[in-house]
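This report refers to the structure that appears directly beneath it.
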Amino acid sequence: MNINGIGTTGYPAWQGARRTRQNAAGKSFAAQMNNVAGAKPHTSIVYMKTDDMLYSGGNGTGLSFYIKYAEGSTEDDPTVIAKGVDENGNEFEQTIHINKINPKCATVVEMRALEAHLGVDKNGGLSSLPPETGEMGLHDRADFMDMFQKQISDMRLLGQQKLVAYYQYSMQAYWDFMNRK
């Protein structure tokens, strides 16, 4: 298409439609994206769940881990070990005491440990936790109870009553845990 001498790319038609835009350094956008200084290639590690694992999975940030009961875990002090890679590809290992988890200020790894320990129903899905957890890094802390409230409110607004009921059920499991402590 050529109107009043301007081609489809916004340049005068005589300059041609296939002109590659350059930045100030003279590199195309594609070249810049393929050569980001210091960037490591993104790789994902998937831990296949075994019989002794409580949880195996990750999220959209690249965080990937598995959780097992620790050797010294007891009924009075249930303890788990979480091992995996963080969102930057660095390996980590954490010891988590279940009774010390506070869902009002927890990491996604702590909440996955609590979810698995309590046996919270995942409703046929991958998680009982709100979708925002997919954006959390290893050390990010959040008020999961507020996240549940927001998710319930959003689902109510959208008329998704089954999801409202499911997130209320999930949230109640974590309230019950906090009230037992």
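Below are the figures for this structure:
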{"quantity": "Among the listed pairs LYS122/LYS181; LYS49/LYS150; LYS68/LYS150; LYS49/LYS181; LYS122/LYS150; LYS68/LYS162, those beyond 28 Å (Cα-Cα)", "calculated": "LYS49/LYS150; LYS68/LYS150; LYS49/LYS181; LYS68/LYS162"}
{"quantity": "Least to most buried among ARG112, ARG180 (fewest other Cβ within 10 Å first)", "calculated": "ARG180, ARG112"}
{"quantity": "Where labels lie 7 Å past Cα in the beta-carbon direction, separation of LYS181 and MET53 in nm", "calculated": "2.7 nm"}
{"quantity": "Sorted by Cβ density within 10 Å, fewest first, the residues ASP146, ASP154, ASP86", "calculated": "ASP146, ASP154, ASP86"}
{"quantity": "Amide hydrogen neighbours beyond the local backbone of LEU54, cut-off 5 Å, H modeled", "calculated": "ILE67, LYS68, TYR69"}
{"quantity": "For the stretch 66-158, convex hull volume per residue from C-alpha positions, Å³", "calculated": "107 Å³"}
{"quantity": "Extension gain from GLU93 to GLU75, taking 0.36 nm per residue of separation minus the Cα-Cα distance", "calculated": "4.3 nm"}
{"quantity": "Least to most buried among VAL108, VAL120 (fewest other Cβ within 10 Å first)", "calculated": "VAL120, VAL108"}
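Just so you know, all these numbers are worked out from the coordinates, no wet-lab data involved. This one's a predicted model, so the numbers in the text were calculated from it and none came from an experiment. Note: ideal-geometry Cβ built from the backbone for every residue, glycine included; neighbour counts use all protein chains shown.
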